Amino acid sequence: MLTIAEQKKMLVNAILMMERAQVIDFNGHFSTRVAGTEHMLINSGQSVRSALTVDDIVTIDLDGNLVDGDAVPPMEFHIHAEIYRRRPDVNAVAHTHPLWSTLFSMVGQPVLPVIMQAAVLGEIRQFAKTASINNRPLAQELADALGPHRVIMLKSHGAVVAAEGIIEAFVLGFYLEETAQRQHLATQLGTPAVLSPEQVAIISGNLWKPNLLKKVWDYHHGKLQR
């Protein structure tokens, strides 16, 4: 089990890597549960996502009360809290502000499994409201729409990914954006082929493995260290 210090460092790295890949901008946030508690670690609302340090990670409870740290959480902490309340299988949540996939939600077009990596995303859910999820009722609506799935796109706003851990959530966030970018570019040439449900099931089983997910993390972490 990771220590709190190790979890904080992983969150920092995940956010920095996402920012460099244009998956998170100045307003994204990423959290992880504190095991055995009703608390989460999350980057503060005022944190500079491109220059994050462990001092920018605060501990809050599911009502947003500060447990440790000296900065307030992001206004949309409700997204994370409501998913944690409902999903004991989820230990990390990222609210991203991606470039390419947000274009799809702006025009109401689905991101489809047009590359193999997209198979692990599962059914990509849609949240029809364009809003800051800065209160519990809106977060409850979002959690209802997400249900048991991993990924939901917020209309003209961004996306939310929910997964077993920090690495898994990072990979899902990156794969969503990579898929959207390649789908958009491919449509300039023609109609991209879409994986069948049978292909998705087989490929997802092959790719959703700890060593392969860590390979994605290590690739981006290596770029971060350069």
**Message:** At 0.36 nm per residue, and after removing the present C-alpha to C-alpha distance, how many nm does the segment from residue 189 to residue 86 gain when stretched out fully?
**Reply:** 32.8 nm
**Message:** Which GluC sites (Glu not before Pro) in segment 19-123 sit in a loop by DSSP (not H, G, I, E or B) and have at most 14 other Cβ atoms within 10 Å of their own Cβ?
**Reply:** 38, 123
**Prompt:** Got a sec? Charge dipole of the chain, +1 on Cβ for Lys and Arg, -1 for Asp and Glu; which of 205, 140, 160 is way out at the positive end?
**Reply:** 205
**Message:** Distance between the C-alpha centers of segment 153-192 and segment 39-81? Whole Å please.
**Reply:** 24 Å
**Message:** Over the chain, with a Gaussian network built from C-alpha contacts below 10 Å, which listed residue (176, 212, 16) shows the highest mean-square fluctuation?
**Reply:** 212
**Request:** Provide 79, 166 in ascending order of the number of other Cβ atoms located within 10 Å of each residue's Cβ, fewest first.
**Result:** 166, 79
**Asked** Given 10 °C and 1.306 mPa s, how large is the Stokes-Einstein diffusion coefficient of segment 43-142 in µm²/s, with Rh as the Kirkwood radius over Cα pairs?
**Response** 102 µm²/s
**Item:** Using alpha carbons only: equivalent-ellipsoid semi-axes of segment 4-225, gyration tensor based, whole Å
**Value:** 27, 19, 17
**Prompt:** Once amide H atoms are built 1.01 Å from N in the peptide plane, which residues 5 or more positions from residue 115, or in another chain, come under 5 Å H to H?
**Reply:** none
**Message:** Give me 182, 125 sorted ascending by neighbouring Cβ count inside 10 Å, so fewest comes first.
**Reply:** 182, 125
**Prompt:** Of 8/214; 129/215; 8/215, which pairs sit farther than 29 Å apart, going by alpha carbon to alpha carbon?
**Reply:** 129/215
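Coordinate-derived values only; no laboratory data. All values derive from a computational prediction rather than experimental measurement. Here Cβ is always computed from backbone atoms with ideal geometry, including for glycine, and neighbour counts include all displayed protein chains.
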